[in-house]
Amino acid sequence: MGMIGGGGGSFIGAIHRNAALLDNCIELVCGSFSSDYQNSLDTGKKLFLDENRIYETYDEMISIESQKKENEKMDIVSIVTPNHLHFDPAMKALDNGFPVIIDKPLTFNSDQAKKLVEKVNETNLPFAVTHTYTGYPMVKEAKYLIKSGKIGNIRKVAVEYPQGWLTSNLENTDNKQASWRTDPKKSGKAGSMGDIGTHAANMVEYLTGKKILKLFSKVNTFVKGRLLEDDGNVLISLEDGIEGNLMTSQIATGEENDLKIRVWGELGGIEWKHSMPNTLLLKLNGNPNQILRAGVDNSYLSDFALLHCRTPSGHPEGFIEAFANIYRNFSYAVNNHINSINIDPMYDFPTVDEGYRGMKFIDAVIESSKYSKWINI
């Protein structure tokens, strides 16, 4: 793997690296970790990389690596930069034959996202988007139970994603993460809806297997002087007459990262929350609520969930492991692509198409709030 971004001061870069290395399927061999070359050098040296493969720019990395012999060059590119620096390196990597795994949201805007979809379809290269929460075993179990008809035909879904870290004007300090996430020149047209709303929308579509068709939103900016919204509420209508609501907030004072999703069908409901990721609640009509737990020895779980479990029950798995499931599954897809083997759907991961859906979601949310009307996605 070659990495673009993730240098000193990065929030998510180390998470990506730890996840990629967890299963010994991927090795970090090169990188352009920062626009500041000294930062990139320092990062690469701390990671014990060959100094000749610590590059000044991602253009240089992609160009030089693409000219190496097949068994010497990087095989994949991981992109962990701010949103405005997603599109160009991704396109250049694909143009040079490298599969890509990229942080969400997919791109700076939906026009770029559409071009990436077209490029992936043209090259037929594996492409993953790190919608991390789909990697949790109990999210896999929830998807399996819903698809198998355990809770009947779905009627309603509710998802919320509250955070409190931007409850004050943090972007006016030296906090780099707050600075770029609240800057429309780097983040794009959305703040909280781009940063965490795309995760929430992706979870809705992943669990239900149904697309959001239209939405009605109201986004809010509570912190004075902030250039992008930091809070919002959305009514959503999905395929098959499913209705729902979606809430995101980064000014929910006291909250950490408490993504929560509930799905209700004719026969029962399902509830999963990020603060208790190893637990899934199954609520069947007329029966006591069931508490399902992650763990490789929990024989009542589906194979789909068990393939993504790593530890015995009672030993907590968390964010790194969920991230690692996406990296591992992506690595399998790359190997299968190289060897012309069909991808096993049990080892799934979010693709460029899910990334594009996220960008269309952002467009619809911002337009709906601006004009106070329902918008089709």
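The values are calculated or read from the model by the stated rules, or taken from the named source; none is laboratory data. No experiment lies behind these values; they were computed from the predicted model shown. Quick reminder, even Gly has a Cβ in these numbers, built from the backbone with ideal geometry, and neighbours come from all protein chains shown.
Values computed for the structure shown
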{"quantity": "Answer residue from the range 187-209, given it is of a type in the set (D, E, K, R) and under 18 Å from the mean Cα position of the chain (by Cα) and is nearest to L246 (Cα to Cα) among those", "calculated": "E205"}
{"quantity": "Residue satisfying condition, being surrounded by fewer than 17 Cβ atoms within 10 Å (Cβ to Cβ) and either on the phi < 0 side of the Ramachandran plot or at pLDDT 95 or above (or both), within set I326, I341", "calculated": "I341"}
{"quantity": "Residue, surrounded by the fewest Cβ atoms within 10 Å (Cβ to Cβ), within the range 165-187, restricted to residues that are more than 19 Å from F222 (Cβ to Cβ) and in contact (Cβ under 8 Å) with a residue 24 or more places away in the chain", "calculated": "K185"}
{"quantity": "Where a residue in the range 260-275 is not assigned by TED's automatic domain parsing to the domain that holds G241 and its partner, wherever it lies, is crowded, with 19+ Cβ neighbours inside 10 Å and outside any strand (DSSP E or B), with Cβ under 7 Å and at least six apart", "calculated": "none"}
{"quantity": "Residue within the range 196-208 that is outside any strand (DSSP E or B), more than 23 Å from W374 (Cβ to Cβ), in contact (Cβ under 8 Å) with a residue 12 or more places away in the chain and charged (D, E, K, R) present", "calculated": "no"}
{"quantity": "Every residue from the range 268-310 that is assigned to a strand (DSSP E or B) and of a type in the set (A, V, I, L, M, F, W, C)", "calculated": "I270, W272, L280, L281, L282, L284, I291, L292"}
{"quantity": "Complete set of residues in the range 134-164 that are surrounded by fewer than 23 Cβ atoms within 10 Å (Cβ to Cβ) and among the aromatic types (F, W, Y)", "calculated": "Y144"}
{"quantity": "Candidate set from the range 344-371 (those that are part of a loop (DSSP other than H, G, I, E, B) and touching a residue at least 12 places away in the same chain (Cβ under 8 Å)); member that is surrounded by the most Cβ atoms within 10 Å (Cβ to Cβ)", "calculated": "P350"}
{"quantity": "Output for the range 40-83, where each listed residue is touching a residue at least 24 places away in the same chain (Cβ under 8 Å), of a type in the set (D, E, K, R), surrounded by fewer than 18 Cβ atoms within 10 Å (Cβ to Cβ) and part of a helix (DSSP H, G or I)", "calculated": "D42, D59, E60"}
{"quantity": "Count of the range 233-261 residues which are surrounded by fewer than 19 Cβ atoms within 10 Å (Cβ to Cβ) and in a strand (DSSP E or B)", "calculated": "7"}
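Each row is one residue, and each column tells you yes or no for (1) out of contact with any Leu (no Cβ under 7 Å at 6 or more places or on another chain); (2) at pLDDT 95 or above; (3) over 28 Å from W264 (Cα atoms).
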site	(1), (2), (3)
P288	yes, yes, no
L292	no, yes, no
C309	yes, yes, no
P312	yes, yes, yes
A333	yes, yes, yes
D353	yes, yes, no
D363	yes, yes, no
K370	yes, yes, yes
I377	no, yes, no
